[in-house]
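As structure tokens, the structure follows; a few thoughts come after it.
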């Protein structure tokens, strides 16, 4: 290839760098959390979800985000939004009784402690989560009678408040599972997932078509609180404990992670292999990753979290504690295979 050289004066070069730095400095980091209650991973994979697929193609997706706690909604959402597992937040039921949110609050509390100007909002379809959220850490808490109502309220909050952290909780997938079955061969359950995906598409369209969007740097995080089997959940089956996790941002590598079942903190018949949960994105990592994106100095190690941030994973440089990996290639993917997990990295396919 021929080499092409350019000559540029030092003052112009320095001015250009200053302009570029100023451009990035003007971008405000923000986080959107898409919570889909009771969404089984195998049903998600079967459903037609173009909007979640698009997010997935711009970041990290894990189809084996093993749930270490009790597979109920109260413990699940508490783990996701406090960044600690059940033994620390002490939520073991859907009444949030005996919680420990004073010591381990919902994560926006850490943001307002750092800077009182930080703003947050949560829009929730499940009333129990709404009531507890309004008391511990969220600047704004809203509820609606169904997912369409939550979507309307979220768009309203975006236009009027424009918070630094915004979470929407979609409840209908879980409701459909309880009434017709948490199964990938249940057409009603699949349609409920596809409906949520369409609602997410509308939300992302509204988000990106605001004038402020050009000056914002959004990290989008999404997961679920549990899976299900039959008409219920709260047990220790793979269908209930194996959930999914998503982080999407132009700055993230495109990765798909699958990991070995690590066991459980809650079910004694599944003793926890303590080293394994550090090797895959878990629901407690939603809090850690969000804080890492939003806090000016990144994630503060003094914050008492069980979760970890996934903003700095840079294949093939994995933590030494993960052990050795073999590397292979398949089309446009680099495949890293370790003892307990496999990571597939898509190379140079994203549209910038």
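Taken together, the values in this text are just the output of simple stated rules run on the coordinates, not laboratory data. Keep in mind that this is a model prediction, so the values were computed, not measured. Because the Cβ atoms are built from the backbone with ideal geometry, glycine has one as well, and the counts that use them run over all protein chains shown.
Numbers for the structure displayed
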read-out: Structure-based [θ]222 nm, the chain - -39500 (n - 2.57) summed over DSSP H runs of at least 4, per residue, nearest 500; value: -9500 deg cm²/dmol
read-out: The chain: angle of helix 187-208 to the longest principal axis, Cα-based, in degrees nearest 10; value: 40 degrees
read-out: Sorted by Cβ density within 10 Å, fewest first, the residues 309, 133, 161, 248; value: 161, 309, 248, 133
read-out: Euclidean distance of C-alpha centroids, the range 286-307 and the range 192-256, integer Å; value: 20 Å
read-out: P(r) histogram, all alpha-carbon pairs of the range 28-314 included - 5 Å bins from 0, percent; value: 1, 6, 13, 18, 21, 19, 13, 6, 2, 0, 0
read-out: Between 0 and 90°, nearest 10: helix 73-82 axis offset from the chain longest Cα axis; value: 30 degrees
read-out: Cα gyration tensor category, rounded, prolate or oblate, for the range 239-352 with a/c compared to 1.5; value: oblate
read-out: Footprinting exposure proxy for 173, 165, 327 (fewest neighbouring C-beta atoms within 10 Å first); value: 327, 165, 173
read-out: Gaussian network model of the chain, Cα within-10 Å springs - most flexible of 224, 143, 287; value: 143
read-out: Cα long-axis angle, helix 284-294 against the chain (0 to 90 degrees, to the nearest 10); value: 30 degrees
read-out: Normalised contact order of the chain, rounded percent, pairs of Cα under 8 Å and 6 or more residues apart; value: 26 percent
read-out: Label-point separation, residue 346 to residue 334 (7 Å along Cα→Cβ), nm; value: 1.7 nm
read-out: Order of 40, 90 under a 10 Å beta carbon neighbour criterion, fewest first; value: 90, 40
read-out: Fraction of beta bridges assigned by DSSP in the chain that are antiparallel (%, nearest 5); value: 50 percent
